[in-house]
Amino acid sequence: MFRDVLRKVTERIPVLMSTHDVADLADEANTVSLMNGGRILHHGATGTFLEHARPDAAPGRQAESACSVLMGLEGAAEQRITTRAPARPLGSFPDMYSPTPDDWHETNRARWDERVPIHVASDFYELDAFRAGKDALRAFELAEVGDVTGKTLLHLQCHFGMDTLSWARHGAAQVVGLDFSEPAVETARGLAGSLGLGPDRAAFVVADVYDAPAAVPDSAYDIVYTGIGALGWLPDIDLWAETAASLVAPGGFLYLAEFHPLTDSMDETGSVVTDDYFSRDAWVDETPGTYADLDAPTVHNRSVEWQHPVGRVVTALASAGLRIEFLHEHDVSLVPRFTMLERHADGLHRFPAGRPRIPLMYSIKASRPATR
C-alpha cells in the first residue's frame, strides 16, 4: 500500500528523489504523512522525515498551495486528500513559543481587566438574555455534573460569573466564584445582586487560583467546577491540580470542561498538525481585540498562555489524590476554532457532516472518596 501511495505522490509533487528511491523506502515506512512545503514521507522505522523541498515555497512564508493526492486503496473508494500548512523548516515552531516571562501574571491580568467591559457589552455573552433567564451552561455539562440541588459549588477562574450563577439557578445551595481580575469579580457581584442572589447564595472573591484555599470562605466544597478556556492561562498544571483537589470535600468531585489542547496544534482548517502538542514553553501573543469582539479596540494585547496535554491533566489530578470517574471528548466547540466549523441551532460549532472529526473539547470528573 505504501509503495502505491508514494508512487502517486511523486507523480504530482516536485521532489528531490526519484520514484525508484522513494519506492525502495516504502517497504520500510510505517507511516505516510502528507504535509505542505513538499514534506511528504514520514519514515516510521527510524522516526525521521524525508524532506522534499517545493521550489515555489519560500522558507518562513505561508504556503497557500495544497498537496492533493488521489489514493486508490484496494477494497475502498478513492479519496481526495488536501493538506494546507505553513512552509517552515520541519520541527521549527512559531517565534511566539518562549520561556515563561517573569511578568506573565501581571500581563495576563491587565489583558483580562481591560476585556471585562467589552465582554459584558458583547453579543457573545448575551448578558440581557442571561438576566432574563437564559442558561449559560452547556447541555453536556448539565448532564455530566448532574443534580446540584443543595450542594456547595466553587468555580475557579469564573470570569464575571455567568456560569457560576447558572449553577445557583439550578439549585446549588451556595456558589463561590474566584477570579484574579478585580473588574470581573465586581461585575459578578453586581450581576448576582441584580438576580436577587445575596452573598449567602453567591459570593465572589478576587484571588489567584493558586491561592484559592486561603481566599475562599470554606475549606472544601461538594463540587469544584472549572474550565472553558481556563487552564491555558496557568503555567503549572500539577500545582493547579493539587490546589483544586484540596478543595474537594470527601464524597465530592471536581468537574472540568475545557477546550481540547489538540485544537491549539492544528492549522486554521483543523486538518493539519502545525505545532507541538507536547510543548511546555509559553505561548506569547500580541493579538488585539477579544474572542467576544474581534474588532474591539484594545491596549493590553500581550498574553502568555500554556498548552496542557490531556494526559498531563489526568495524571495531575490522579496524583493529587482524586479518582478519575470519566474522561469524555466532545466533537463540539463553543467558538469557531477552525474555518470549517459550522454553527448549529444549539449555538455550538461542529465539523460538517461527512468530514473526519477531531475532539474539540473534553471533560473530566474526578472524585474524592467519602471518609468512613
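Taken together, the values in this text are just the output of simple stated rules run on the coordinates, not laboratory data. Every value quoted in this text rests on a predicted model; they were computed, and no experiment measured them. Here the Cβ is made from the backbone with ideal geometry for all residues, glycine too, and neighbour counts use every protein chain on show.
Placing a label point 7 Å from the Cα of ASP238 along the Cα-to-Cβ line, the residues of region 307-343 whose backbone N sits under 16 Å from it are 308-309, 311-322.
Restricting region 267-372 to GluC sites (Glu not before Pro) that sit in a DSSP loop and have at most 11 other Cβ atoms within 10 Å of their own Cβ leaves GLU286.
About its Cα centre, the dipole of region 197-327 is roughly 460 debye, where the only charges are +1 on Lys and Arg Cβ and -1 on Asp and Glu Cβ.
Each Lys or Arg adds one and each Asp or Glu subtracts one; over the other residues with Cβ under 15 Å from the Cβ of ARG131, this totals -2. Each Cα pair under 8 Å and six or more residues apart adds its separation to the average, and for region 211-311 the resulting relative contact order is 28 percent.
Electrostatic tally near SER122: other residues with Cβ closer than 10 Å to its Cβ, Lys and Arg +1, Asp and Glu -1, net -2. The spacing between region 99-151 and region 159-183, judged by their C-alpha centroids, is 9 Å.
Could you please report the charge total around GLY227, scoring K, R as +1 and D, E as -1 over all other residues with beta-carbon less than 13 angstrom from its beta-carbon?
Details: positive: ARG138, LYS365; negative: GLU141, GLU144, ASP163, GLU258.
Here the count lands on -2.
Starting from the Cα of ALA143, step 7 Å toward the Cβ, then list every residue of region 339-371 with an amide N under 16 Å from that point. Those under the cut-off are 345-350, 360-365.
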